[in-house]
Amino acid sequence: MFADLHLHTNFSDGTYTPEELVAQAAKHQLAAIALTDHDTVEGCERAQAACAAAGIDFVTGTELTAEQGGNEIHILGYFVDTKNPKLLAEIAKFQAVRQDRIREMVARLNALGVPLKVDDVFALANCRSPGRPHVARALVRAGLCSSLDEAFERFLKKNRPAWVPKMKMSASTGIELIHQAGGLAVMAHPGLNRSDEVIPDLAEGGLDGIECFHTKHSASTAEHYLAIAGRLDLLVTGGSDCHGLSKGKPLIGTVKLPYERVEKLRAALGALASRRQASGQQAGGTPAVPGRHS
Ligand SMILES: [Zn+2]
Ligand SMILES: [Zn+2]
């Protein structure tokens, strides 16, 4: 029994609909999945319904872009209440930031003599959380680049001429936002960010787990983060970060997280919820932190 807890749909920069994603999960015989679209939880309701029909355990989620000590980090929020007003309000702000960033990137492309139309990007993205992959796909579709790789290499990668820095929330804001929505905050793909030094600070600030298993983590990278998780008493998650077809095949199911890890997340969530409730009742009392996930 395996789970894949890092998946995207066309509610952000993935290409599958929630139903198509769940059909893939069923095909790969996954016992549990989480949907973690960038800055949105909109796809969760449909994914949940499809999972219920397919007998797959579903975990609500989102992936927030944040920063800590000048490093960009991605924070996964699991089990969040998808109707939480504060979460929805903050997400809406960051969706507006994303849309402004698309306009700015297209303006830069136009200034470079690349005649991409911003409406074509938005039409292709057809979601509230558009991102660079949509600009890349629009460039290819318009015949202005021959491949997504070329679009990123020539224009969209960090410090390339059409790249625009992204406004991010602080990591502590992201963690707090997820917690107040009833969720667990997990650092996504730490091996991609190569900023291990921030992990103890994040753990101190309430981070609940790290994504040890990821498509871009080698076996030794996974071992490295498992050791860190053990040392800092953090939960362990994993997922493929599937965005649809990648070189003709979807990544879903290629990172196999044992289902027991999902059960551990649920147990930790229950323990945290009762601890938060207890600390709330004690008028500002702080819960004991050591051993919080053991
Ligand atoms: Zn990410
Ligand atoms: Zn992702």
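The values are calculated or read from the model by the stated rules, or taken from the named source; none is laboratory data. A quick note: this is a predicted structure, and the numbers were derived from the prediction, not measured. All Cβ positions, even for glycine, are placed from backbone atoms using ideal geometry, and neighbour counts span all protein chains on display. Ligands, DNA and RNA are stripped out before the accessible areas are found, and what is left, the full protein with its side chains, is counted by its heavy atoms. Shrake-Rupley method; radii C 1.70, N 1.55, O 1.52, S 1.80 Å.
None of ASP57, ASP37, ASP4, ASP13 is in contact (Cβ under 8 Å) with a residue 24 or more places away in the chain, open to solvent by 20 Å² or more (accessible area, probe 1.4 Å) and among the acidic types (Asp, Glu) except ASP57. Does VAL114 fit the bill of being more than 15 Å from ligand 2 (Cβ to nearest atom), crowded, with 23+ Cβ neighbours inside 10 Å and touching a residue at least 40 places away in the same chain (Cβ under 8 Å)? Criteria not met by VAL114. Among the residues that make up the stretch 195-213, is at least one of them touching a residue at least 40 places away in the same chain (Cβ under 8 Å), within 16 Å of ligand 2 (Cβ to nearest atom) and open to solvent by 10 Å² or more (accessible area, probe 1.4 Å)? Yes, the stretch 195-213 has at least one match.
Given the structure, is ILE73 farther than 18 Å from PRO130 by Cα and either surrounded by 24 or more Cβ atoms within 10 Å (Cβ to Cβ) or within 12 Å of ligand 2 (Cβ to nearest atom) (or both)? In short, yes.
Just to be sure, is ASP233 of a type in the set (D, E, K, R), within 15 Å of ligand 2 (Cβ to nearest atom) and over 21 Å from GLY69 (Cα atoms)?
Working: of a type in the set (D, E, K, R): yes; within 15 Å of ligand 2 (Cβ to nearest atom): no; over 21 Å from GLY69 (Cα atoms): yes.
No; evaluated as a whole, the condition is false for this residue.
If you go through the stretch 62-100 and keep only what is basic (Lys, Arg) and within 16 Å of ligand 1 (Cβ to nearest atom), you end up with just ARG98.
Which residues, taken from the stretch 133-169, are within 17 Å of GLU104 (Cα to Cα) and touching a residue at least 60 places away in the same chain (Cβ under 8 Å)? If the condition is that a residue be within 17 Å of GLU104 (Cα to Cα) and touching a residue at least 60 places away in the same chain (Cβ under 8 Å), then PRO133, HIS134, VAL164, LYS166, MET167, LYS168 are the ones that fit.
Could you tell me whether any residue of the stretch 271-287 is at pLDDT 95 or above, away from ligand 1 (no atom under 16 Å from the Cβ) and open to solvent by less than 40 Å² (accessible area, probe 1.4 Å)? Lay out the reasoning, then the answer.
Taking the stretch 271-287 as the starting set, the residues that turn out to be at pLDDT 95 or above are none.
No, the stretch 271-287 has no match at all.
In the stretch 227-258, the qualifying residues are those that are surrounded by 15 or more Cβ atoms within 10 Å (Cβ to Cβ) and in a helix (DSSP H, G or I), and the one that is farthest from ligand 1 (Cβ to nearest atom) is LEU232.
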